[in-house]
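Notes to accompany the following structure.
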Amino acid sequence: MSGADKESEPADTGLGVYLHVPFCRQPKCPYCDFYCTAAGPGLIESYLDAAEKELEAQAAGPFSGEWVVENIFFGGGTPSLLDPKQAGRLIRRVQALWPVSASPEITLECNPEDLTRDRAEGYRAAGVNRLSIGCQSFDSPMLAALGRSHGVDRNYRAVEAARLAGFERVSIDLILGGPGSGKSGLLKSVEAALALKVGHLSIYGYHLDPAASGYGRPEFAPAPDESYCEQYLAVCAALEEAGWLHYEISNWAALAEEVCRNNLHYWQRRVYLGVGPAAHSFLPPAWRTWNRPDLSAWLLASAGGDYVAVRGGERLGPEQIEGERLMLGMRLADGVDIELVRRFLGPEMERELAGLAGEGLIGPQTGGRIRLTDNGYLLYDSIVALLLGESGFQLDKGC
């Protein structure tokens, strides 16, 4: 990155670190399209060695400077396949390479079946202070339909283990729109999560990418669009009634301090470093890089200290930067500045916004900002296309 690029970066020095743990129990869940592989003999130790080397290379290269680590996130894959000492090893390496804020958020994603009280206590002692538990559902038939290996009882025991270990920040992942799902089953899961008094919920829409093993198989087909929309709006209403903050399309927090800082680094286009195969990094305002999803190639690159063969990247142009700001900003409850929309729509803006408001897809323009309603979130892709002024756009109907 050139000196001119560095001068154009914002003064924000907060750094997020994402550690992609590319291991999972095989076979993968039929809907999963994230890069992961089986943890064969010695592979986890090889991964840890390589991750440390990549952290060191990045700290000496593009991520050198006055960065202060605000959050560390273990994602995957299944990060809870790392034992506490292994997770702690990478946390300590990050702490040795960069200054760390006084109260960093350090999250580890875990499967319910991995989380015992002893293991949770080990993670906490290693420096993890937030757990994201992949419960996915509190409805037994839905867990079976999703191909999950755990039962509802493991969800409860995992959250209990986290609490007994002293974790104050616990998040639960749920899935909406899964095979054969309906509003009542999803609301049952939301009610169970609320009763457990966790502070954060990520509720992601089920979909099947061609890379997923369940793709094209009728038994794993998602719920019809009408049911998906009904489920999403029911969840939005239930959590609003409970007083939760709907701060992003798929994420809710019981209190402002429970908002996931790691995710905000992505959506607010702040600095983040991704380590591991398939991990992505971003240096504002324009540089995006990524590692290819190939563990073997990444291990070889780390051993030799040369990442050219496994790393891709691009420098965004001015219009791409503005488009990203709009696209990512519209995911958030705070929305985007109306002047950003004006740059794309020009004199057509007032007419287009009036149309969206008339359909109930955007809310009042308070503070000069454009925000999606819950109904608008259901048409996020189409509305963003409209706001970007893409030619030939027509508003989707049906939800």
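The values are calculated or read from the model by the stated rules, or taken from the named source; none is laboratory data. Keep in mind the model is a prediction, meaning the values are calculated, not measured. Note: ideal-geometry Cβ built from the backbone for every residue, glycine included; neighbour counts use all protein chains shown.
A search for C-beta distances below 7 Å between a residue of the range 94-116 that is in the same structural domain as Val21 (by TED's automatic domain parsing) and closer than 14 Å to His20 by Cα and any residue that is crowded, with 20+ Cβ neighbours inside 10 Å and of a type in the set (Phe, Trp, Tyr), counting only pairs 6+ apart in sequence or on different chains, returns Thr107/Phe73; Thr107/Phe74; Leu108/Phe74; Leu108/Tyr123; Glu109/Phe74. Restricting Tyr232, Tyr247, Tyr204, Tyr228 to those that are assigned by TED's automatic domain parsing to the domain that holds Cys32, in contact with a strand residue (DSSP E or B) (Cβ under 8 Å, 6 or more places away or on another chain), surrounded by fewer than 19 Cβ atoms within 10 Å (Cβ to Cβ) and modelled with pLDDT of 95 or more reduces the list to Tyr204.
Residues in the range 146-191 that are under 20 Å from Ser227 (Cβ atoms) and in a helix (DSSP H, G or I): Lys183, Ser184, Gly185, Leu186, Leu187, Lys188, Ser189, Val190, Glu191. Looking only at residues in the range 315-342 that are under 14 Å from Gly368 (Cβ atoms) and outside any loop (DSSP other than H, G, I, E, B), the one that is nearest to the chain's Cα centre (by Cα) is Gly329.
Selection of the range 302-332 for residues being without any contact (Cβ under 8 Å) to a residue 40 or more places away in the chain and crowded, with 19+ Cβ neighbours inside 10 Å yields only Val310.
Restricted to the range 22-79, and to residues there that are in a loop (DSSP other than H, G, I, E, B), among the small types (Gly, Ala, Ser) and in contact with a helix residue (DSSP H, G or I) (Cβ under 9 Å, 6 or more places away or on another chain), the residue that is surrounded by the most Cβ atoms within 10 Å (Cβ to Cβ) is Ala39. When each of Gly355, Gly346, Gly360 is tested for being surrounded by fewer than 18 Cβ atoms within 10 Å (Cβ to Cβ), in contact with a Ser or Thr (Cβ under 8 Å, 6 or more places away or on another chain) and under 30 Å from Gly376 (Cβ atoms), the lone residue that passes is Gly360.
Among the residues of the range 368-385, the one identified as within 14 Å of Val341 (Cα to Cα) and part of a loop (DSSP other than H, G, I, E, B) is Arg371.
Residues in the range 77-128 that are under 25 Å from Thr13 (Cβ atoms) and of a type in the set (Val, Ile, Thr): Ile91, Val94, Val100, Ile106, Thr107, Val128. Going residue by residue through the range 72-80, is there one that turns out to be aliphatic (A, V, I, L, M) and closer than 18 Å to Gly127 by Cβ? The answer is yes, given that some residue of the range 72-80 is aliphatic (A, V, I, L, M) and closer than 18 Å to Gly127 by Cβ. Within the range 352-367, being within 27 Å of the chain's Cα centre (by Cα) and not in a loop (DSSP other than H, G, I, E, B) holds for one residue alone: Ile362.
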